[in-house]
Amino acid sequence: QVQLVESGGGLVQAGGSLRLSCAASGRTFSSYTMGWFRQAPGKEREFVSAISWGGGGTYYADSVKGRCTISRDNAKNTVYLQMSSLKVEDTAVYYCAARYGPVRSQSPEYHYWGQGTQVTVSS
């Protein structure tokens, strides 16, 4: 079992930056692939980024590539999403998720989810 708690969301102007954090509890955090997803009002949840259990593999949606960096600190049981050059269309609830296995970009492939953190980008 893994419990996930996101933090770091907030209100930011377009062009600004935010760093999201996801703290995990559980003994085997380092065994899990970690992902970030987001869901805007009226839209389906979409993949943002993922990182392999060892941190050697990182993956990004085309919509955020070049603007986001995912990282993890297995000693702190935490995964991060650094977002820069934020756009109004990045506004969404951002969710952290974990899966035991290779990186996947489909949300049903993830077994554990956090409650989400709101990111609002104003123009």
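Here are the numbers:
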{"read-out": "Qualifying residues in the stretch 8-24 (those that are open to solvent by less than 60 Å² (accessible area, probe 1.4 Å) and part of a strand (DSSP E or B)) - the one nearest to Met83 (Cα to Cα)", "value": "Leu18"}
{"read-out": "Residues of the stretch 73-84 that turn out to be farther than 15 Å from Gly8 by Cα and either part of a strand (DSSP E or B) or of a type in the set (Ser, Thr, Tyr) (or both), as a count", "value": "1"}
{"read-out": "Any chance Tyr59 is within 20 Å of Val103 (Cβ to Cβ), surrounded by fewer than 18 Cβ atoms within 10 Å (Cβ to Cβ), in contact (Cβ under 8 Å) with a residue 40 or more places away in the chain and among the aromatic types (Phe, Trp, Tyr)", "value": "yes"}
{"read-out": "Unmet criterion (only one of (1) charged (D, E, K, R); (2) open to solvent by less than 40 Å² (accessible area, probe 1.4 Å); (3) part of a loop (DSSP other than H, G, I, E, B)) for Arg27", "value": "(2)"}
{"read-out": "Residue count, the stretch 80-108 (criterion: of a type in the set (D, E, K, R), closer than 15 Å to Ala61 by Cβ and either under 15 Å from the mean Cα position of the chain (by Cα) or modelled with pLDDT under 95 (or both))", "value": "2"}
{"read-out": "Meets criteria (on the phi < 0 side of the Ramachandran plot, under 13 Å from the mean Cα position of the chain (by Cα) and either assigned to a loop (DSSP other than H, G, I, E, B) or among the polar types (S, T, N, Q) (or both)) for Val64", "value": "yes"}
{"read-out": "Filter pass, Lys76 being open to solvent by 60 Å² or more (accessible area, probe 1.4 Å), under 18 Å from Gln1 (Cα atoms) and charged (D, E, K, R)", "value": "yes"}
{"read-out": "Any chance Ala98 is more than 19 Å from Ser123 (Cβ to Cβ), touching a residue at least 12 places away in the same chain (Cβ under 8 Å), in contact with a His (Cβ under 7 Å, 6 or more places away or on another chain) and assigned to a strand (DSSP E or B)", "value": "yes"}
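The values are calculated or read from the model by the stated rules, or taken from the named source; none is laboratory data. Note that the coordinates shown come from a computational prediction; the quantities given were computed from them, not determined experimentally. With ideal geometry, Cβ positions are generated from the backbone for all residues, glycine too; neighbour counts draw on all protein chains shown. For accessibility, only protein heavy atoms count, side chains too; no ligands or nucleic acids. Shrake-Rupley method; radii C 1.70, N 1.55, O 1.52, S 1.80 Å.
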